[in-house]
1. Looking at the stretch 64-75, I want the residues that are farther than 15 Å from Leu47 by Cβ and without any contact (Cβ under 8 Å) to a residue 40 or more places away in the chain and have a partner that is of a type in the set (A, V, I, L, M, F, W, C) and surrounded by fewer than 18 Cβ atoms within 10 Å (Cβ to Cβ) with Cβ atoms under 8 Å, at least 6 apart or on another chain. Which pairs are those?
2. Taking only the stretch 56-84 into account, find how many residues are assigned to a loop (DSSP other than H, G, I, E, B), under 12 Å from Thr35 (Cα atoms) and either modelled with pLDDT under 90 or in contact with a helix residue (DSSP H, G or I) (Cβ under 7 Å, 6 or more places away or on another chain) (or both).
3. Has the stretch 31-43 got any residue that is loosely packed, with under 11 Cβ neighbours inside 10 Å, of a type outside the set (A, V, I, L, M) and either at pLDDT 95 or above or under 14 Å from Gly73 (Cβ atoms) (or both)?
4. Taking only pairs six or more apart or across chains, which ones have beta-carbon atoms under 7 Å, a first residue in the stretch 33-58 that is on the phi > 0 side of the Ramachandran plot, and a second residue that is of a type in the set (D, E, K, R) and not in a helix (DSSP H, G or I)?
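The values are calculated or read from the model by the stated rules, or taken from the named source; none is laboratory data. It should be emphasised that the depicted structure is a prediction, and the values quoted were computed from it without experimental measurement. As a convention, Cβ positions derive from the backbone with ideal geometry for all residues, glycine included, and neighbour counts pool all protein chains shown.
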Amino acid sequence: MASGCPSSRWRPCRRPPGPARRCPSKLHLDFLVDTRADLEETHRRALESGAVVRLDRVDDPEEPLRVYADPAGHTFCVFTHDVG
């Protein structure tokens, strides 16, 4: 499973009301997962939690990754070094 991302912490998010939605992103997180299978599982769980894909580079031969935005607009990346 995803390194450093306990499954018990994945909960659906709601978009904050009002001005918070207009604020620029002030946080960016990178998550490294062990395998391509973990990358796909994390993708499924991110979408279920309300994330939106901003960039999909899972076919990149050197660093497969996806960039997401959470419901508040904060971006985060999920990637793997499993390129074999």
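1. So the pair list comes out as Pro64/Val58; Pro64/Val83; Leu65/Leu55; Leu65/Val58; Leu65/Cys77.
2. The initial filter retains those residues of the stretch 56-84 that are assigned to a loop (DSSP other than H, G, I, E, B), namely 58-64, 70-74, 81-84.
Pick out the ones that are also under 12 Å from Thr35 (Cα atoms) and you get 58, 63-64, 81-84.
Of the ones still in play, those that are also either modelled with pLDDT under 90 or in contact with a helix residue (DSSP H, G or I) (Cβ under 7 Å, 6 or more places away or on another chain) (or both) are 58, 64, 82-84.
Qualifying residue count, the stretch 56-84: 5.
3. Taking the stretch 31-43 and keeping what is loosely packed, with under 11 Cβ neighbours inside 10 Å, we get none.
No, every residue in the stretch 31-43 fails to be loosely packed, with under 11 Cβ neighbours inside 10 Å, of a type outside the set (A, V, I, L, M) and either at pLDDT 95 or above or under 14 Å from Gly73 (Cβ atoms) (or both).
4. Every condition considered, the pairs that remain are Gly50/Asp70.
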